[in-house]
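Quick note: the coordinates plus some simple rules give every number you see, no bench work behind them. These numbers come from a predicted model, not from an experiment. A quick note on method: Cβ atoms are made from the backbone with ideal geometry, for glycine too, and the neighbour counts reach across all protein chains shown.
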C-alpha cells in the first residue's frame, strides 16, 4: 500500500505527497494535462516542442541543468499524446532547488526568438533522425492516420510534418503556454524523504503566487468504430519487409484495459508467449515479432509488428498471425498460462513501487485519471481478469474490420549493367 496525502492550492495546483524515509532522495514530479491530442491538426508537434522549450530558460533561470546538477540531482521529461511530464530526482536536503526550478518555469518561460529558433531546429532534427531517416521510423505516422479519422490520436506526438514546428511563431508559442502550462492544469507530486508539512510550506512559498489560467476545455470527438480494414503498402529503403497490424482497444480508464494488456503479453511477451514461440522459434516465419498496447487515456491500439524471415512473404506471415488470433478467440489462454502473465505483471508493479521516481510519476498520472489511489488497486484489477474476459475481448477486437494493416516492402536496389 502506497500512502499519500493530497491538497490543492488556491490557484488550482493539485499536490500529492508520499513520505518514504527509506531513501535519502526525493522525487519532484510536475505533470501538465496537455499532450499531442490538444493540438490543432494544422499546428501539430507543439506539446513536444514545449518539452524542449521548458528547458531553454525561464524568467529567473537561464539554464535548468546546472542548478540541479550542483544540487546532486538530475532531471528530465517526456511527452505523449495525453500528457507532458517533468521530473527531478535529488538528495532530500536539496529539495527546494527542485521547487525553485519547477515554479519558475511554470510562472514564466523566457520567450525570445533566439530560444525558439534553437529548439525548433532541435525538434526538426529529431523528426528527421527518428522518423524520416530511420528504417520504419514513419510507421506510426501511417498507422495513426489509418486507424483514426477524427480523433487527434491520428498524428504522432512529434507532429505530422516538420513544417508545423518550423512555422511556429513566438505569439503562437506564448498562447500555447498560457493555455496549458498553468497551475490549475498541473499536478505536483513529491515522493521520498520529506513530510507533508514540508511540502505544504514549500508549495505555498514557490507556487502559490503563480496565477491560474482559464481551464482548457477539450472538445475531442469520439472516434467512431472502424467498419472496414484499412490497408497500406509502403515501398521503402528498409533492411527487410515488415508488417504492422493495429487493432482498436479499450481506453486506459476502461475496465477491459487490463484484459487488453494481458492479451498483448500472452501474444508476445517473453520466450514462451504464443507468437514468439510458435511463429519465431518453431515455424521460423519471423526474425522478430512483438505485440503491445498504446495505453492511451482515450481508446488506443493493440499493435502486432513483425519482420518475416527471408523468403517468407508478408501475406504468409500475416496469415500465420491471424491463425493464432483465431485460436485465442476460440479457446482463450490456459489457466496456468494466464496466471503466469498475471504473476509477471504483479512482479513488475511491485518492482516499480520500490522506486520513488516511478511512484511519483504514477501517482501524478493516476491522479489525472481521476484518483491517485488507483496506484494501490491496479494490481487487483489485473488479477481479476479471467480466461473468459480474454476470450470475450479477443473476439471483440481481433476482427478484420477493426484492423489497420501496414506493409513495408523492402525496395530492391537496381544493380545496373556491368
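So the values come out like this:
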| read-out | value |
| --- | --- |
| Cα gyration tensor, the stretch 333-418 - rounded (a/c under 1.5), prolate or oblate | prolate |
| Principal-axis tilt of helix 113-127 within the chain, Cα atoms, nearest 10 degrees | 20 |
| Computed over the chain: relative contact order in percent, which uses C-alpha pairs under 8 Å that are six or more apart | 22 |
| Mean separation of Cα contacts under 8 Å (6+ apart) over length of the stretch 136-269, as relative contact order % | 29 |
| Full-extension gain in nm, residue 209 to residue 253, via 0.36 nm per residue minus C-alpha separation | 12.5 nm |
| Whether the stretch 128-277 is rounded, prolate or oblate, judged on the alpha carbon gyration tensor where a/c under 1.5 counts as rounded | prolate |
| Per-peptide average of other Cβ atoms within 10 Å, ordering 233-244, 358-369 highest first | 358-369, 233-244 |
| Residues residue 271 and residue 22, FRET efficiency given R0 of 51 Å [Cβ-Cβ distance, rounded to 0.05] | 0.90 |
| Spin-label model distance (nm) - residue 163 vs residue 386, 7 Å beyond Cα toward Cβ | 5.5 |
| Dimensions (Å) - the stretch 130-170, Cα atoms, principal axes, largest first | 33, 28, 11 |
| Protection proxy ranking of 76-84, 346-354 - average other beta-carbon atoms within 10 Å, highest first | 76-84, 346-354 |
| Computed helical MRE - 222 nm, the chain, DSSP H runs ≥ 4 contributing -39500 (n - 2.57), nearest 500 | -12000 deg cm²/dmol |
| Length added when fully stretched, residue 369-residue 201, from 0.36 nm per residue minus Cα-Cα | 57.8 nm |
| At 1.306 mPa s and 10 °C, Stokes D of the stretch 9-105 from Kirkwood alpha-carbon radius, µm² per second | 109 |
| Rg to Rh quotient for the stretch 17-170, alpha carbon positions, Kirkwood Rh | 1.02 |
| C-alpha long axis of helix 170-180 to longest principal axis of the chain, angle in ° | 90 |
| Gain on full stretching of the segment that runs from residue 66 to residue 284 - 0.36 nm per residue minus C-alpha separation | 73.4 nm |
| FRET efficiency, 1/(1 + (r/R0)^6) with R0 41 Å, evaluated for residue 331 and residue 8 via beta carbons | 0.25 |
| Order of 403, 131, 249 under a 10 Å beta carbon neighbour criterion, fewest first | 131, 403, 249 |
| Antiparallel content of DSSP bridges confined to the chain, in %, to 5 | 80 |
| The stretch 25-74 and the stretch 75-153: distance between their alpha carbon centers, rounded to Å | 7 |
| Sorted by Cβ density within 10 Å, fewest first, the residues 252, 215 | 215, 252 |
| Rounded tilt (10° steps) of 314-331 against the dominant C-alpha axis of the chain | 80 |
| Percentage, to the nearest whole number, of Cα pairs in the stretch 230-410 over 22 Å apart | 48 |
